[in-house]
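The structure appears right after this line, and notes come after that.
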Amino acid sequence: MTIIEKIDSAKSNKYFILFKEGLFYKCYNQNAMVFVCKVKNYKVNLKFVKSVGEDVYSVGFPVSEVKKGSLSVANILEKIGAKGYEENEGNIVFLLNDIGKKQDYETWKKIIQETNIGIVKQPTTQYQQSTYAEVIISMIKKFDLANSTPMQGLGFIQDLQFEVHRLEKNNGNI
């Protein structure tokens, strides 16, 4: 399944889907919102995906959490208020009861954008070039290394790389 198909499936008010991607389950956009608001408050990853042409929001967690029972399918089912679920090619598809669960997506998206330290919203100008190093330094200072897992550390490095590439693209150099 392509990322475009995953994004489109997240728009459906009938289903909540956890996609199995390697050793992780991931959900996207509206489904990420439902997961964070109803199941467990995980960090939301925000990344511009060129093939989609927009920012994509995702939440992921290890498959082992489901297998060990710390985040069981029954628990997720109950918290999101689903009628039932089925496993399809490793993915878990929940049938939702309430079609209004995904209505506040645009508001949620704005909140995530405002609180995500990897976002620089202002248009780039010559004056702002001196602040790029400050953005990267600020991101590093705010990252809680002592209370992060190795996967979160790798994700953080990926966020830093993304930010550097984005800044270079907008200005040619940092």
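The values are calculated or read from the model by the stated rules, or taken from the named source; none is laboratory data. Computed from a prediction, not measured in an experiment: that's the story for all the values here. Here Cβ is always computed from backbone atoms with ideal geometry, including for glycine, and neighbour counts include all displayed protein chains. Please note that ligands, DNA and RNA were not included when accessible areas were found on the heavy atoms of the full protein model with its side chains. Shrake-Rupley method; radii C 1.70, N 1.55, O 1.52, S 1.80 Å.
In region 12-21, how many residues are surrounded by fewer than 20 Cβ atoms within 10 Å (Cβ to Cβ) and either without any contact (Cβ under 8 Å) to a residue 40 or more places away in the chain or in a strand (DSSP E or B) (or both)? Lay out the reasoning, then the answer.
Residues of region 12-21 that are surrounded by fewer than 20 Cβ atoms within 10 Å (Cβ to Cβ), as a first pass: 12-15, 20-21.
If we keep only those that are either without any contact (Cβ under 8 Å) to a residue 40 or more places away in the chain or in a strand (DSSP E or B) (or both) too, we end up with 12, 15, 20-21.
The qualifying residues number 4.
Considering only region 40-54, state which residues are of a type outside the set (V, I, T) and touching a residue at least 24 places away in the same chain (Cβ under 8 Å). Break it down stepwise before answering.
Of the residues in region 40-54, the ones of a type outside the set (V, I, T) are 40-43, 45-48, 50-51, 53-54.
Once the filter is applied, which keeps residues that are of a type outside the set (V, I, T) and touching a residue at least 24 places away in the same chain (Cβ under 8 Å), region 40-54 yields K40, K43, N45, L46, K47, F48, S51.
Looking at S9, S58, can you tell me which residue is among the small types (G, A, S) and not in a helix (DSSP H, G or I)? I'd like the intermediate steps shown before the answer.
Numbers: S9 fails: not in a helix (DSSP H, G or I).
Answer to the selection: S58.
For region 96-120, which residues satisfy the criterion of being at pLDDT below 70, more than 30 Å from I157 (Cβ to Cβ) and among the β-branched types (V, I, T)?
I99 - this is the single residue of region 96-120 that is at pLDDT below 70, more than 30 Å from I157 (Cβ to Cβ) and among the β-branched types (V, I, T).
Of the numbered conditions (1) closer than 22 Å to F156 by Cβ; (2) open to solvent by 30 Å² or more (accessible area, probe 1.4 Å), N29 fails exactly one; give the number of that condition.
Single failed check for N29: (2).
Determine the pairs where a residue that is farther than 16 Å from K79 by Cβ, located within region 22-39, has a partner that is among the aromatic types (F, W, Y) and surrounded by 20 or more Cβ atoms within 10 Å (Cβ to Cβ) with Cβ atoms under 6 Å apart, the partner being 6 or more residues away or on another chain.
Every condition considered, the pairs that remain are K26/F19; N29/Y57.
Would you be able to say whether some residue in region 33-42 is in a helix (DSSP H, G or I), open to solvent by 50 Å² or more (accessible area, probe 1.4 Å), at negative phi and at pLDDT 85 or above?
Taking region 33-42 and keeping what is in a helix (DSSP H, G or I), we get 33-39.
If we keep only those that are open to solvent by 50 Å² or more (accessible area, probe 1.4 Å) as well, we get 37-38.
Remaining after also requiring at negative phi: 37-38.
Applying the additional criterion that residues be at pLDDT 85 or above yields 37-38.
Yes: region 33-42 contains one or more residues that are in a helix (DSSP H, G or I), open to solvent by 50 Å² or more (accessible area, probe 1.4 Å), at negative phi and at pLDDT 85 or above.
Does V93 satisfy the condition of being assigned to a strand (DSSP E or B), at pLDDT 90 or above and either over 24 Å from S148 (Cβ atoms) or more than 13 Å from the chain's Cα centre (by Cα) (or both)? Quick ask: steps written out before the conclusion?
Working: assigned to a strand (DSSP E or B): yes; at pLDDT 90 or above: yes; either over 24 Å from S148 (Cβ atoms) or more than 13 Å from the chain's Cα centre (by Cα) (or both): yes.
The answer is yes for V93.
Check whether at least one residue in region 145-158 is surrounded by 13 or more Cβ atoms within 10 Å (Cβ to Cβ), more than 14 Å from N45 (Cα to Cα), at pLDDT 60 or above and among the polar types (S, T, N, Q), and report yes or no. Step through it out loud before you land on a result.
Kept after step one, since they are surrounded by 13 or more Cβ atoms within 10 Å (Cβ to Cβ), are these residues of region 145-158: 148, 151-152, 155-156, 158.
Next, only the ones that are more than 14 Å from N45 (Cα to Cα) stay: 148.
Now restrict to residues that are at pLDDT 60 or above: 148.
With among the polar types (S, T, N, Q) added as a condition, the list becomes 148.
Scanning region 145-158, I find at least one residue that is surrounded by 13 or more Cβ atoms within 10 Å (Cβ to Cβ), more than 14 Å from N45 (Cα to Cα), at pLDDT 60 or above and among the polar types (S, T, N, Q), so the answer is yes.
Which numbered condition trips up M1, out of (1) assigned to a loop (DSSP other than H, G, I, E, B); (2) under 14 Å from the mean Cα position of the chain (by Cα)?
Here M1 meets the rest and fails (2).
What is the one condition in (1) within 15 Å of A32 (Cα to Cα); (2) surrounded by 13 or more Cβ atoms within 10 Å (Cβ to Cβ) that T107 does not satisfy?
(2)
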